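**Q** Starting off with a structure, shown below.
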Amino acid sequence: MKVGFLHSIIRKEEKLLLEEFRNREGIELIKIDDRQQFFDLHKNDFDIDVIIERCVNHSRALHSMKIFSDHGIPTINNPEVAETCGSKFLTTQALIKAGVKTPRCFLAYTPESALEAMEHLGYPCVIKPTTGSWGRLISKVNDRDAAEAILEHKQILGSYHHSIFYIQEYLEKKGRDIRSFVVGNDCIAAIYRHSEHWITNTARGATASNCPVTQELHDISVQAAMACGGGVVAVDVFETDEGYSINEVNYTMEFRNSIDVTGVNIPEKIVDFVLKEGRQ
Amino acid sequence: MAECPVCGAEVSLEGDAEVGEIIACDDCGSELEVTGKDSLQEAPQEEEDWGE
Ligand SMILES: Nc1ncnc2c1ncn2[C@@H]1O[C@H](COP(=O)(O)OP(=O)(O)O)[C@@H](O)[C@H]1O
Ligand SMILES: [Mg+2]
């Protein structure tokens, strides 16, 4: 089987995945660096059975997967999943539509209406760019003064995609949240992400410990994944007094800090899934 | 042996180094990208749509 490995820089995750593919019998691995590739949109230049996407840029992942997928090459994940998960707005829409619990959320287009939405929601609340990752440019807004300042900054200094105001209720997480890993129909592992900071991304220094995958966590994680189109995804889960609440779903998941603490060979499970899709 | 493009120090690449891999220079701490058997360039800067 010919497996296309779409990437740019090779991080720990990509290295582990490449190693895992190379250990398998009968696999021809074709590395495709998105920085060196151009695409003829009219014809399929690729002799490939399945693509795994590991780009660090969301926009490149999205465009490339659309091209491969329209040529009939299965991609992990599929472009619809990338589109949904790449936008916090589309993710929230998908979760609400599927009836999966998610924090209360408002959308507004002007600083004035965004301020009104925040006043309506109450403080603290959280404002985020709809596209973004690693906890960057998300703000906890503690009061009206802070709200006005952030909105003014976004209006004057922000690029186009800061002109959509995505505003979420702030949930008190007591120093941790959960990151669960879904591959196909299974939640294969989960970690707690601990931090004294309200932002608990491991990319921002939060520490990981094993989180047992209870039936409840398994089910809501898989439901959230399916709501966004399924595949190989990582789900951000908040614990609340009323049960779990899904914050967001990530489609090019990072797992370097989660293998040792969970004891689950995450790259092995991903590779199994990719090869299974490739065989179909 | 490769040369760090930032500080000029000698950087030894692991046998299993992968083209595209990001490593750090032991001398100056710069993030570097492996471009070949014995060559390195400065790693690209983080962009707005980088992430998971
Ligand atoms: N509504 C919220 N309430 C409490 N904490 C939040 C909220 N939204 C985000 N956070 C914290 O910020 C982190 C990053 O936010 P997230 O929405 O996952 O964006 P990113 O795509 O940058 O990871 C979360 O993991 C969580 O720790
Ligand atoms: Mg997140």
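**Q** Would you pull out the residues with amide H under 5 Å of B:Leu32's amide H, same chain only if 5 or more places away, H placed 1.01 Å from N?
**A** Long-range HN contacts for B:Leu32: B:Ile23, B:Ala24, B:Cys25, B:Ala43.
**Q** Moving to a separate point now. About the Cα centre, and with charges only on the beta carbon of Lys, Arg (+1) and Asp, Glu (-1), how big is the dipole of the protein assembly as shown? Nearest 20 debye, please.
**A** Here the size comes out at about 820 debye.
**Q** Quick query: amide H of B:Ser39 versus all other amide H atoms, modeled in the peptide plane; which residues come in under 5 Å with a sequence gap of 5 or more or a different chain?
**A** Long-range HN contacts for B:Ser39: none found.
**Q** Answer with one residue from A:Asn185, A:Tyr160, A:Gly175: the one whose Cα lies farthest towards the positive end of the charge dipole of the range A:151-192, charges on Cβ with Lys, Arg +1 and Asp, Glu -1.
**A** Going by the Cα projections, it comes out as A:Gly175.
**Q** Same structure again: Tell me the relative contact order for the range B:2-42 as a rounded percent, counting alpha carbon contacts under 8 Å between residues six or more apart.
**A** So the answer I get is 40 percent.
**Q** Let me check against my output: what whole-number percent is the relative contact order of the range A:2-84, with C-alpha pairs under 8 Å and at least 6 apart?
**A** Reported relative contact order: 34 percent.
**Q** Taking amide H atoms as placed 1.01 Å from N in the peptide plane, list the residues 5 or more away in sequence, or in a different chain, whose amide H sits under 5 Å from that of A:Arg104.
**A** Under 5 Å from the amide H of A:Arg104: A:Glu169.
**Q** Next up: List, in the order given, every pair from A:Lys88/A:Lys174; A:Lys128/A:Lys154; A:Lys140/A:Lys174; A:Lys15/B:Lys37; A:Lys88/A:Lys269; A:Lys97/A:Lys174 whose Cα-Cα distance in the structure shown is over 18 Å.
**A** Those over the limit are A:Lys88/A:Lys174; A:Lys88/A:Lys269; A:Lys97/A:Lys174.
**Q** Using Cα pairs under 8 angstrom and six or more residues apart, how large is the relative contact order of the range A:85-192, in percent?
**A** This gives 30 percent for the range A:85-192.
**Q** Suppose every Lys and Arg Cβ carries +1 and every Asp and Glu Cβ carries -1, with no other charges. What dipole size does the range A:2-84 come out with about its Cα centre, to the nearest 20 debye?
**A** Charge dipole, the range A:2-84, about its Cα centre: 280 debye, nearest 20.
**Q** Could you give the dipole magnitude of the range A:136-258 about its Cα centre, charging the beta-carbon of Lys and Arg +1 and that of Asp and Glu -1, in debye to the nearest 20?
**A** Roughly 500 debye, rounded to the nearest 20.
**Q** Which residues make up the longest stretch of chain A clear of GluC sites (Glu not before Pro) that lie in a DSSP loop with no more than 15 other Cβ atoms within 10 Å, not counting the sites?
**A** So the longest stretch without any such site is A:26-171.
**Q** I've got another one for you. Out of A:His63, A:Pro74, A:Asn44, whose Cα points farthest toward the positive end of the dipole of the range A:22-78 (charges: +1 Lys, Arg; -1 Asp, Glu; placed on Cβ)?
**A** Of the candidates, A:His63 comes out farthest on the positive side.
**Q** Along each of the three principal axes of the Cα atoms of the protein assembly as shown, give the extent in whole Å, ordering the values from largest to smallest.
**A** 58, 49, 45
**Q** Next question, about the same structure. Given the rule -39500 (n - 2.57) for each run of at least 4 DSSP H residues, summed and divided by the residues of chain A, what is its mean residue ellipticity at 222 nm, to the nearest 500 deg cm²/dmol?
**A** After summing the helix terms and dividing by residue count, I get -10500 deg cm²/dmol.
**Q** Which one of A:Lys12, A:Lys97, A:Lys43 has the biggest mean-square fluctuation once chain A is modelled by GNM with Cα springs under 10 Å?
**A** Judging by the Gaussian network model, the answer is A:Lys43.
**Q** Using +1 at the C-beta of Lys and Arg and -1 at the C-beta of Asp and Glu, which of A:Leu95, B:Cys7, A:Ser195 has the Cα lying farthest in the positive direction of the dipole of the protein assembly as shown?
**A** It is A:Leu95, whose Cα lies furthest towards the positive end.
Just so you know, all these numbers are worked out from the coordinates, no wet-lab data involved. Bear in mind that the values here come from a model prediction, so they are computed numbers and not experimental data. Positions of Cβ are generated from backbone atoms using ideal geometry, with glycine treated the same way; all protein chains shown enter the neighbour counts.
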